[in-house]
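Readers should treat all values here as calculations from the given coordinates under stated rules, not as data from a laboratory. Remember, predicted model here, so these are calculated numbers, not experimental data. Neighbour counts run over all protein chains shown; Cβ positions are idealised from the backbone, glycine included.
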Amino acid sequence: MERTLVIAKPDAVRKNVVGKIISRLEDEGFKLVALKKVKLTNEQAGQFYIVHKDRPFYGELCDFMSSGPIVPMVWEGENVIARVREIMGATDPSKAAEGTLRKLYGTNVGENAVHGSDSPESAAYEIPFFFSGIELVG
Ligand code: CMP
């Protein structure tokens, strides 16, 4: 069964909508496998988003992702990576479809409430970044 790493970002934590994000993923039928609350350093955020290191927004992204607590979680289900990306909507909340998590809870392209792995390869890097084997309870 496929797994994906989802993060309720600092803006979602500040807006008190972490529970709404979790509820939506539960309502879709996915299984919660792991969850924690952490605050990253700027360097840790940079490591997590290392694939974006040459992008112009990398510094801004690292500053934002280390600006407050986040809630990383692992969700399991059939085709969960692609389905969660649909449920999140477009990266820019102003372009995201009605009813998607980013449309509902995001502010702008940087502060977009939620992250989800974009491929099985990304999930294989992102899940162990936050969780050890014994923390993954399927
Ligand atoms: P995420 O899915 O977490 O993956 C990379 C993040 O970079 C993305 O969501 C956005 O929050 C952020 N991002 C993408 N494009 C921009 C941009 N133009 N300006 C600022 N942040 C961006």
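Some values worked out for this structure:
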item: Environment charge at VAL13 (Cβ cut-off 10 Å; Lys +1, Arg +1, Asp -1, Glu -1); result: +4
item: Rule-of-thumb Rg ratio for segment 1-57 [Cα; 2.2 N^0.38 Å; N residues]; result: 1.35
item: Fewest-first ranking of SER67, SER94, SER132, SER122, using other Cβ atoms within 10 Å as the exposure measure; result: SER132, SER94, SER122, SER67
item: Projected area, mean over directions - segment 43-108, Cα convex hull, nm²; result: 5.4
item: Stokes-Einstein D (µm²/s) once Rh is taken as the Kirkwood radius of the chain over alpha-carbon pairs, at 4 °C in 1.567 mPa s; result: 87
item: Full-stretch length increase - LYS95, LEU136 - with 0.36 nm per residue and alpha-carbon distance subtracted; result: 11.4 nm
item: Fully extended contour minus Cα-Cα distance, from LYS20 to PHE129, at 0.36 nm per residue; result: 36.8 nm
item: CD proxy at 222 nm, helix term only [per DSSP H run n ≥ 4: -39500 (n - 2.57); per residue of the chain; nearest 500]; result: -10500 deg cm²/dmol
item: Extension gain (nm, one decimal) between ASP27 and ALA82, 0.36 nm per residue minus Cα-Cα; result: 18.2 nm
item: Ranked list, fewest to most other Cβ atoms within 10 Å of each Cβ, for HIS115, HIS52; result: HIS52, HIS115
item: Residues of type lysines that LYS37 reaches as a straight line, Cα spacing below 20 Å, ignoring anything fewer than 8 places off in the same chain; result: LYS9, LYS15, LYS20
